[in-house]
Amino acid sequence: MSVRAATKLYRSRRKKKVSVGAVDHVEPVVLPATGFVDWNTYVARMFIDRTKLQWLCNECHATKTRLESAERKAFRATKK
């Protein structure tokens, strides 16, 4: 999707108060390979510089979240 098309879509949906996307961490807050380590690590990874954030449309954000969740689930299954 071009920037112009995305902007047009954003403006049309903003008037209807419909979410068109989400800000997402480039790197997952909880790494799939290590899982939750401790609260200090979690907070440090949660509140990061905005250069490490990205804007994703709702569909892409849902896909990325679903893939990361599946990866964490697979990792937990191998730990047992």
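Of everything listed in (1) modelled with pLDDT of 90 or more; (2) in contact with a helix residue (DSSP H, G or I) (Cβ under 9 Å, 6 or more places away or on another chain); (3) of a type outside the set (Val, Ile, Thr), the single unmet condition for Asp49 is (2). Residues of region 29-52 being in contact (Cβ under 8 Å) with a residue 24 or more places away in the chain and surrounded by 12 or more Cβ atoms within 10 Å (Cβ to Cβ), which ones? Passing the criteria: Val30, Pro32.
Working only within region 53-80, note down all residues that are under 28 Å from Thr7 (Cβ atoms), exposed (fewer than 14 other Cβ atoms within 10 Å of the Cβ) and of a type in the set (D, E, K, R). Within region 53-80, Glu59, Arg66 meet the criteria. Of all residues in region 19-52, those satisfying the criterion of being more than 30 Å from Ser2 (Cα to Cα), part of a loop (DSSP other than H, G, I, E, B) and under 13 Å from the mean Cα position of the chain (by Cα) are Val30, Leu31.
The values are calculated or read from the model by the stated rules, or taken from the named source; none is laboratory data. All values derive from a computational prediction rather than experimental measurement. Because the Cβ atoms are built from the backbone with ideal geometry, glycine has one as well, and the counts that use them run over all protein chains shown.
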